[in-house]
Amino acid sequence: MTLLNVVNLKKYFPIRKGLFGRVVGYVKAVDNVSFSISENEVFSLVGESGSGKTTIARCILKLYDPTDGKIIFEGKDITRLKGKDLKDYHRKVQAVFQNPFLSLNPRMRIADIVAEPLLAHMKISRNEARKTAIKVLERVGLSASLARRFPSDLSGGQAQRVAIARALALKPKLIVLDEPTSALDVSVQAQILNLLEDLSREYKLSYLLISHDLSVVRYISDRVGVMYLGNIVEEALTEVLFESPLHPYTQALLSAVPEPDPSLKKLRKRIMLPGEPPSSISPPKGCRLHPRCPRVMDVCSKGEPPLIEVGEAHKVKCWLYAKK
Amino acid sequence: MSFEEARLIFKLIRVNPISMTGLIIVTAFVVMGLLAPYITPYPEDAWGLTYNIEKRYLPPSLEHPFGTDEMGRDVFSRVILGARFSLLISVGVVGLALLIGIPIGLVAGYLGGRAGTLLMRITDMFLAFPPLLLAIALAATLGRGLVNVIIALAISWWPWYSRLVYVQVNSIKNLPYVDAAKIIGLSPFKIMVRHVLPNALTPVTVQAALDMGSAILEAAGLSFLGVGVKPPTPEWGLLVSEGWATINIAWWSSLFPGLAILVTVIGFNLLADAVREAMDPRLRKAIVMRRL
Amino acid sequence: MTSGNVILNIKDLNVNYFTLEGVVKAVRGLSFTLRKGESLCIVGESGSGKSTVGLTIIRALPSNAVITSGEVVFNDVDLLSLSEEEMSNKIRGKEISMIFQDPAATFNPLFTIGQTLSDVVRHHLGIKEKDKVREHVQSMLRTVGLPDPERVARSYPHELSGGMLQRAAIAVALSTNPKVLIADEPTTMLDVTLQAQILDLLRKLKEEFNLSMIFITHNLGVAAEVCDKILVMYAGVPFEEGSCEEVLLRPIHPYTKKLLECVPRAHRRVGRLRYIPGMLPDPKNLPRGCPFAPRCERATEPCNERLPKMVEVRSGHRVACHILAPGGEH
């Protein structure tokens, strides 16, 4: 069952200049992106900074209004939701952010932070909400004794557990995880990843994971979309993508990840992308990667490559795989 | 401000004798203001209800530590009771200014857009006047009296707070915990009151507490110019002004209230520096080093 | 490695920070040697003291830090005994350079890249002729792989992207032809493809300049990419040191072993991750014995009592652990 379906999503940010805020151009942060997430599936968007992955997440979370396109959740387009329908949507879609300390209000007690979504959506007393909150806190591995503490009393890992508890409290269908372990130490990261995995199984949750860390993506996702300058350039099941990536960008990205195992290092061949990603104000014509692509052809600078289905659930946006 | 922050600030003040002096002066002033009617040696003189022709222009003595004025009233009693009016004015002015300034800054900062811009332009309009001139003009229009002084000063005062709140809110409204509150589905009002405002208040409360010194000084200025409180209220500025005419025969009736203003304002400024130091992490490190 | 010449020798270093909340023991009993042309990686999580080590060597610790004991011997001179003047004229930025996580830390935002670089060249190399300074600046910018060095030299720091600015910072660090380069998390703020570029560059420059390098990172993968030797630290204490392959393929210390097990991998499929229970110790309130003891399943009596000392277990492979490398006594 498809839970979320993003269709031709576009998000352009106007660039204003001068006294009267004249629009002089657009940052095309997300340019025509489509993907879907099934029930109880972990889908990841991976890419470097400026690829547009966070903008997509923020559109889904209703923090941004898309410029164009549809976001269909449980069969309904949510881009124009209002009133009760919108509140219902917020109940089903939650989020966990990168920096746990910035995502918790420093002046609220832990139990109140987790109780807040319950109070906003259910007709229950503050005490009942707190009791439920403590149960959720215990489920994510925090002792009830922390309930009356403030976020500043916690370690990074504990604070991220509180953020997860807050997202979990309403038993949502989808949780957007925006770099959930990037700010944590390695030894704590593994605890949080395992917790997220357990919760998705237990509560039949779907995740949309936004990350630049390919090792985390490989560990936790079922399916992955690779983003470059506002486009998804390759989409495949996790194992397929990591074992036989097709798009030159995916190949380069993967080969750039440092590997702690020296014995594996020798087997890998490095594909270097020269230079840095161009700005998304005026992306290159044709394929957006072509100025940096090691396998560039004539056609690449002429037209935008189509999204080509190369295998089961495996799509690549690259001229190399177009039928001649 | 959280309890921990307050405790840390106090800890830092305690190790610095200069900051400590400021704290002692301010505490003494507040205590004096609260207890004034019960500790003045000549309560009737203090309220300005008496006229003792035989006790006019007495120089400072044990009986009258600050001497007596042209009406034969004990200046010491009047200065002590004056603390109460100064306290009243400073709390009133700052309180009223906060009451106007905070909501405007909060709404303008959080909502932004056209409404926010309009609110801030109005604020800027007030900021464009020199504050003391604006206060004088308002006080003159409203007429003399304690309440009018408070209103006049508060109106020239609030835009500073709404600016401060506005800047704070702008830096807070994009933090992830505000996003998280939106994702929960809270209304903008609840987000403003529960998540944005409490975190925007620390610098504002500190600033407000420290502004009390300036409020005393400006109220005294208004009284001195004759647009402040009505005589015979023993407000310090008015006392200085009343004594001014007879400064050649009785310098004490002007000097002591003037000293009271000076000491109190210095006290507030010393405390202000200490608190500002304590709130700044870089300066904080310097203080720790000084102790080692 | 390439030769037996020891260029830097750290002996029993102890560094404390004094804070309002108490004393933080940032580095405890650290000793290591760095040979000519060798790269040593200090790996650790937050609070491990890895960055303090770098700042101690170039004597750039914040004012509330105190080096309570130890020596930093560079070319037979204890750097800790030098005056600040000698340090800034002869050592810091000349013989020993440093690059940081945030490359902007190297530059004054009010000066162009070219101005900063020429200042360094004039001050440390004593080159005065305008043309020669210019030439040297251009050649350094070319060396670090910056396209269009003329334009870069005219740019202000904020006009360059993170990757280009880090290259420029490397150019500043290497312009005086230093013997030792200390790199503190130089790629942490960069995207993976840029990280790969910078790591490649550092590897290339290390060969070209015959540099000795101290590389500070939290990322075991990055360590494996650039280093000959690895030193693992935890809560200010050195735990394990050895060649890159030894430490990563045949780790001995329980912490190193666990740490390797809890990193997810991009290049190979892993089963469920193992993790280290509990959390990093509070630096103001460290356990009396081995700081890892509260999280270690093999911990016994002596672990809670005494700090373990480094013991050579195999040739060139040193470990500080009461259980797996007994014999380390104070």
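Considering only region A:66-91, how many residues are within 14 Å of chain B (Cβ to nearest Cβ), part of a loop (DSSP other than H, G, I, E, B) and over 14 Å from A:ILE56 (Cβ atoms)? Number of matching residues: 2.
Counting the residues of region A:1-28 that are at pLDDT below 95 and of a type in the set (A, V, I, L, M) gives 6.
Exactly one residue out of C:PRO147, C:PRO157 is closer than 19 Å to C:PRO103 by Cα and either buried (at least 20 other Cβ atoms within 10 Å of the Cβ) or away from chain A (no Cβ under 14 Å) (or both): that is C:PRO157.
Of the residues making up region C:167-216, those that are polar (S, T, N, Q) and within 21 Å of C:LYS36 (Cα to Cα) are C:SER175, C:THR176, C:ASN177, C:ASN210, C:SER212.
Return the total of residues in region A:248-278 being under 16 Å from C:LEU190 (Cα atoms), assigned to a loop (DSSP other than H, G, I, E, B) and of a type outside the set (A, V, I, L, M, F, W, C).
Residues that pass the stated criteria total 6.
Pairing each residue of region A:136-150 that is within 10 Å of A:ILE110 (Cβ to Cβ) with any residue that is part of a loop (DSSP other than H, G, I, E, B), provided the two are 6+ apart or on different chains, yields C-beta distances under 6 Å for A:ARG148/A:ARG109.
When restricted to residues that are out of contact with any Leu (no Cβ under 8 Å at 6 or more places or on another chain), away from chain C (no Cβ under 13 Å) and either hydrophobic (A, V, I, L, M, F, W, C) or in a helix (DSSP H, G or I) (or both), region A:200-234 contains 2. Within region B:201-209, not a single residue is at the interface with chain A (Cβ under 7 Å from one of its Cβ atoms) and either within 25 Å of B:LEU8 (Cα to Cα) or modelled with pLDDT of 95 or more (or both).
Summed over region A:282-305, the residues that are within 22 Å of A:GLY52 (Cβ to Cβ), more than 12 Å from chain C (Cβ to nearest Cβ), free of Cβ contacts under 8 Å to residues at least 60 places away in the same chain and among the charged types (D, E, K, R) give a count of 2.
I'm trying to understand the selection: among the residues of region C:64-100, which are within 14 Å of chain B (Cβ to nearest Cβ) and polar (S, T, N, Q)? Selection gives C:ASN64, C:THR68. Residues of region A:92-114 that are out of contact with any strand residue (DSSP E or B) (no Cβ under 6 Å at 6 or more places or on another chain) and within 7 Å of chain B (Cβ to nearest Cβ): A:ASN99, A:LEU102, A:SER103, A:LEU104, A:ASN105, A:PRO106, A:ARG107. Has region B:184-194 got any residue that is touching a strand residue (DSSP E or B) at 6+ places or on another chain (Cβ under 9 Å), within 30 Å of A:LYS62 (Cβ to Cβ) and buried (at least 17 other Cβ atoms within 10 Å of the Cβ)? Yes: region B:184-194 contains one or more residues that are touching a strand residue (DSSP E or B) at 6+ places or on another chain (Cβ under 9 Å), within 30 Å of A:LYS62 (Cβ to Cβ) and buried (at least 17 other Cβ atoms within 10 Å of the Cβ). Taking into account only those residues within region B:39-55 that are free of Cβ contacts under 8 Å to residues at least 40 places away in the same chain and part of a loop (DSSP other than H, G, I, E, B), which is farthest from B:MET71 (Cα to Cα)? Per the stated criteria, the residue is B:PRO41. When C:LYS128 is tested against (1) at pLDDT below 90; (2) out of contact with any helix residue (DSSP H, G or I) (no Cβ under 7 Å at 6 or more places or on another chain), only condition (2) is not met. Looking only at residues in region A:235-281 that are among the hydroxyl-bearing types (Ser, Thr, Tyr) and away from every other protein chain (no Cβ under 11 Å), the one that is surrounded by the fewest Cβ atoms within 10 Å (Cβ to Cβ) is A:SER244. For region A:41-63, a residue qualifies if it is touching a residue at least 12 places away in the same chain (Cβ under 8 Å), outside any loop (DSSP other than H, G, I, E, B) and not β-branched (Val, Ile, Thr), and the qualifying residues are A:PHE43, A:SER44, A:LEU45, A:GLY47, A:LYS53, A:ALA57, A:CYS59. Within region B:188-200, restricting attention to residues that are more than 12 Å from chain A (Cβ to nearest Cβ) and touching a residue at least 40 places away in the same chain (Cβ under 8 Å), which residue is nearest to B:VAL169 (Cα to Cα)? The qualifying residue nearest to B:VAL169 (Cα to Cα) is B:MET192.
The condition of being surrounded by fewer than 22 Cβ atoms within 10 Å (Cβ to Cβ), acidic (Asp, Glu) and over 28 Å from C:LEU20 (Cβ atoms) does not hold for B:ASP211.
Does region B:189-209 hold any residues that are touching a helix residue (DSSP H, G or I) at 6+ places or on another chain (Cβ under 7 Å) and more than 28 Å from B:LEU87 (Cα to Cα), and which are they? Scanning region B:189-209 gives B:ILE191, B:MET192, B:HIS195, B:VAL196.
Do the conditions hold for C:GLU245, that is, is it in a helix (DSSP H, G or I), without any contact (Cβ under 8 Å) to a residue 12 or more places away in the chain, touching a helix residue (DSSP H, G or I) at 6+ places or on another chain (Cβ under 7 Å) and facing another protein chain (nearest Cβ under 9 Å)? Yes.
The values are calculated or read from the model by the stated rules, or taken from the named source; none is laboratory data. The structure displayed is predicted, hence computed values, not measured ones. Note that we place each Cβ from the backbone using ideal geometry, even for glycine, and neighbour counts take in every protein chain shown.
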